[in-house]
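These notes concern the structure reproduced below.
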Amino acid sequence: MPDAPTCDEPRAARRRPRWRTAVPAALGLSVLTGFGAAATSAAWTDDAYFSTAASAAEIDLRGSSDGATWSPADTAGTAVTLAPVTGLTPDRPVERTVHLWNASTVPLTLAWGTANPTTLLQGCVTVTYSSLPTAALAGSPSSPSGAAVTTATVTFTVPAGADAATCSGQSLGAIDVVVQGRTS
Amino acid sequence: MTRNLTRARAAVAMLVVAVLVAAGARLATDATARTSAAWTDDVHATTSVSLGTWASHALGCVVIDRAGAETSSGATCEIASVSVDRIQWGEVGHRAANLIVALVPRGVSPGAGERLRVTVDLSTLGELPADWRWSTAGASGEIGAVDCSALPVLTFQARDWAGWGPSSVPFQLHETREPGDCSMQV
């Protein structure tokens, strides 16, 4: 028969630390609470079934140089070809317009590509971009109807102080600009 | 001593739990952000750019509109001649000359605000003394918007009457700038 503790033993040796008691107690309470919640939930739920047709959204922004002939123009290699800018001089900015059609099944918000050039030919030409609609462009997969179509304009300018010796007569081909359509 | 150790262990345990909770919340936030990524489609457009030719002080005659830009109406003009009518001799730096620029406008509409902008290089005039002091020179006369900044290349705008037909535009060139010279008024 083991000896009963005596009054002579130190008090700390006889007591368990409080956290050793508290942590298992908390864990146990959590488990019980979880079971309880699950059980309660099971008791008060019921199932209802429904069915619907599901279809994936189609994203398709198309471009055109004249608003009549459209193409996906998804890459630089298949880009919409705009009329060349020729004879650009300091006092005559030149604009080029690209027509845009949201042929998607969902609205698209438009933005200019972040990599679009803002200067060309070592600063002899500055490129500026028109504001695009802040509201999302409605989608119209079947035809380029009014609400699904807009335009975007690129303006090429020779700055007034452009050095004639450096800039006059220069040229550059295959300038690629991008308009991006994004779902909300 | 033992009680202090126990409290320290409890504090460490609480800290570990807090870190795990924060990490879980961050993971959940990131997962939500990735789920909300949008779909995009690009349209590319391409063109080419070639610059015209011009000189910083292009010599010649240009038809401009009310805004001062080269007109798109198709009107043209050309300089038929630049000549020295008379020289007022004196000490170097105090001489003057009367000059005449003959202009030939075509299709210009002064009534619609079209004007002639003329740029001439006066250093090519053989009648002027070779030691003409251009650094202090100025010009005035039947001309406006007189730009003396690049003398001996002088740019000015002819009066409206010069656009109606072939005309001779007189002006005075002073070796030392006088009041009224190089006025940018039109």
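Picking from B:SER83, B:SER72, which residue would you name as being over 20 Å from B:GLY144 (Cα atoms), assigned by TED's automatic domain parsing to the domain that holds B:ALA139 and not β-branched (Val, Ile, Thr)? Don't jump to the end; show me each part of the working.
Numbers: B:SER83 fails: over 20 Å from B:GLY144 (Cα atoms).
None of the others qualify; the one that does is B:SER72.
If you go through region A:93-110 one residue at a time, do you hit one that is more than 27 Å from B:THR40 (Cβ to Cβ) and either touching a Phe, Trp or Tyr at 6+ places or on another chain (Cβ under 9 Å) or at pLDDT below 95 (or both)?
Of all residues in region A:93-110, those more than 27 Å from B:THR40 (Cβ to Cβ) come to A:93-94.
So of that shortlist, the ones also either touching a Phe, Trp or Tyr at 6+ places or on another chain (Cβ under 9 Å) or at pLDDT below 95 (or both) come out as A:93-94.
Yes, region A:93-110 contains at least one residue that is more than 27 Å from B:THR40 (Cβ to Cβ) and either touching a Phe, Trp or Tyr at 6+ places or on another chain (Cβ under 9 Å) or at pLDDT below 95 (or both).
Please determine, by comparing only the residues of region A:151-184 that are in a helix (DSSP H, G or I) and within 7 Å of chain B (Cβ to nearest Cβ), which one is nearest to A:ARG62 (Cα to Cα).
First, the residues of region A:151-184 that are in a helix (DSSP H, G or I): A:164-167.
Right, trim to within 7 Å of chain B (Cβ to nearest Cβ) and you get A:164, A:167.
Values: A:ALA164: 39, A:CYS167: 35 Å.
Taking the candidates together, the pick is A:CYS167.
Of the numbered conditions (1) under 23 Å from the mean Cα position of the chain (by Cα); (2) among the aliphatic types (A, V, I, L, M); (3) surrounded by 13 or more Cβ atoms within 10 Å (Cβ to Cβ); (4) modelled with pLDDT under 95, B:LEU116 satisfies every one except a single condition; which is it?
Unmet for B:LEU116, out of (1) under 23 Å from the mean Cα position of the chain (by Cα); (2) among the aliphatic types (A, V, I, L, M); (3) surrounded by 13 or more Cβ atoms within 10 Å (Cβ to Cβ); (4) modelled with pLDDT under 95: (4).
Select from region A:93-127 the residues that are open to solvent by 20 Å² or more (accessible area, probe 1.4 Å), touching a residue at least 60 places away in the same chain (Cβ under 8 Å) and part of a strand (DSSP E or B) and write down the one among them that is nearest to the other protein chains (Cβ to nearest Cβ).
The qualifying residue nearest to the other protein chains (Cβ to nearest Cβ) is A:ARG96.
Quick one: is A:SER64 at pLDDT 95 or above, farther than 30 Å from A:THR166 by Cα and facing another protein chain (nearest Cβ under 8 Å)?
Details: at pLDDT 95 or above: yes; farther than 30 Å from A:THR166 by Cα: yes; facing another protein chain (nearest Cβ under 8 Å): no.
So A:SER64 fails the test.
The values are calculated or read from the model by the stated rules, or taken from the named source; none is laboratory data. Since we're looking at a predicted model, the values are computed, not measured. Quick reminder, even Gly has a Cβ in these numbers, built from the backbone with ideal geometry, and neighbours come from all protein chains shown. We work out accessible area using only protein heavy atoms, side chains counted, and drop any ligands, DNA or RNA first. Shrake-Rupley method; radii C 1.70, N 1.55, O 1.52, S 1.80 Å.
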